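Here is the structure we will look at.
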Amino acid sequence: MRFLTSALLCAAIFASPAAAQLSSPEQVMVETVEDGFETDVALLEEITLINSGSHNHAGVKAVADVLAPEFAALGFDVEWIDQSAQGRAGHLFARHEGVPGTTKMLLIGHLDTVFEPGSPFTGFVREGDRATGPGVVDDKGGIVVILAALRAMQAAGTLEGANIVVALTGDEEDAGEPLEAARRDLVEAGKWADVALGYEGLSVLDGKDAGVIARRSSGSWTLTTRAGSGHSSGIFSDHAGYGAIYEMARILDAFRRELPEENLTYNVGFMAGGTPAELGEDGLSATTSGKTNIIPSHAIARGDLRALTGEQNERVAGKMRAIVAQHLPGTEATIAIEFRYPPMAPSAGNAALLARLNAINADLGREAMQPYPPSRRGAADISFVAPFTVGLAGMGPAGSGSHAEGESIDLRSIVRQAQRSAILISRLAREPSPQ
């Protein structure tokens, strides 16, 4: 893990909010974001009305086509990175070269949503300062925050010297395969960067904006149990054993009792048992049949695994394998565990970056943002670059109902998040790169 320069870290720790104030360019940024509010909402509406479910490749590309000129107008070199070989549409990257030797920043968002073309949840409905629509906060609102911040920087004259890469992936909600290829360009950008900012939704804690310095991983597991079948009258006997469903129940209940610890969850998404039970080709369904008087021969279950660190992932996976290996008589069981999205573990560098943001909050007359509990945040693309750079997540707008019909956004949160971002990026852009 690389850390911020000692000068930056000291500024994070010793900044005095009472003595701080906005510079003239920063005042311009604040006013520019405010003045551009309705323009930003109009852009949000335009891209929300384009369905860009992860598997709607044409829709993802259409959103990118709307956004590419917006970045080009700000002086960015725009690139479409085709991902058809990974079974996805592609990524939109925008690069801005500033003063050599200064802080390099990676801004991360995504073009896709969970709502595929067949979803009944469509449209963009605005009621005052709230709007509803598919992906309106996850993550089309985050993209609008990025653009609003960059436009404000351009107006204030601070964008010209900034070294920035904007990475908008086209498959954050369902990454392409192989994962290494699907995230290769993002990881390379993370190795280049000194600071990464993730523009998924703002976290709110007890009604107050919070900072995200850590996010958990996202993995999956598939558990399969097998047993000899036979007449149900022989169940539990030495010759017939316990059957596949009781073995499945033993394992899942042991997970419930033996695995709990802080920042760890392991949901069971679905399961099936009978004679036989089979996992669907999509990995998201299962089929089974059986009778009450037949000992079941097969059972299958799938679930997820979320942890705060790589060490926690590996340690818990080891416990799960050990539990699975303790078979009931007459049964067998296997578990396959796949780590997909890595964790964004908390670090001193991340905490220092939040302190920098809180100095800006003080300058703006806003409350400090407390660290948000990582157990309440899921995985995101920023986790792929977390081993290489310091970062903050949750830099996008506030909202509710992500991934569900009725997803909504607090439109005014675009303003405060873009103002924070513009000032933070501008201040970092003046400082030497720690590399």
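Below, the figures for the structure above:
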quantity	calculated
Any hit, the range 134-153, residues being open to solvent by 10 Å² or more (accessible area, probe 1.4 Å) and closer than 19 Å to residue 99 by Cα	yes
All positions within the range 373-404 that are hydroxyl-bearing (Ser, Thr, Tyr), open to solvent by 30 Å² or more (accessible area, probe 1.4 Å) and not in a helix (DSSP H, G or I)	400, 402
Matching strands (runs of 3 or more DSSP E) fully within the range 138-217 where at least 2 residues are of a type in the set (D, E, K, R) and touching a residue at least 24 places away in the same chain (Cβ under 8 Å)	208-211
Qualifying residues in the range 91-133 (those that are open to solvent by 10 Å² or more (accessible area, probe 1.4 Å) and of a type in the set (Asp, Glu)) - the one nearest to residue 162 (Cα to Cα)	97
Condition met for residue 222 (of a type outside the set (A, V, I, L, M), over 21 Å from residue 372 (Cα atoms) and touching a residue at least 24 places away in the same chain (Cβ under 8 Å))	yes
So residue 135, is it more than 30 Å from residue 435 (Cα to Cα), at pLDDT 95 or above and either in contact with a Phe, Trp or Tyr (Cβ under 7 Å, 6 or more places away or on another chain) or not in a strand (DSSP E or B) (or both)	yes
Breaking point among (1) touching a Gly at 6+ places or on another chain (Cβ under 8 Å); (2) at pLDDT 95 or above, for residue 426	(1)
Check on residue 434, over 23 Å from the mean Cα position of the chain (by Cα), within 25 Å of residue 167 (Cα to Cα) and not assigned by the TED database to the domain that holds residue 150	yes
Condition check for residue 59: in the same structural domain as residue 416 (by the TED database), part of a loop (DSSP other than H, G, I, E, B) and either modelled with pLDDT of 95 or more or open to solvent by 30 Å² or more (accessible area, probe 1.4 Å) (or both)	no
Strands (runs of 3 or more DSSP E) contained entirely in the range 246-364, each with at least 1 residues that are buried (at least 16 other Cβ atoms within 10 Å of the Cβ) and among the polar types (S, T, N, Q)	286-288, 331-341
Number of the exception - residue 72 against (1) surrounded by 15 or more Cβ atoms within 10 Å (Cβ to Cβ); (2) without any contact (Cβ under 8 Å) to a residue 60 or more places away in the chain; (3) over 16 Å from residue 47 (Cα atoms)	(1)
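The values are calculated or read from the model by the stated rules, or taken from the named source; none is laboratory data. A quick note: this is a predicted structure, and the numbers were derived from the prediction, not measured. As a convention, Cβ positions derive from the backbone with ideal geometry for all residues, glycine included, and neighbour counts pool all protein chains shown. The area values use the complete protein model at the heavy-atom level, side chains included, leaving out ligands, DNA and RNA. Shrake-Rupley method; radii C 1.70, N 1.55, O 1.52, S 1.80 Å.
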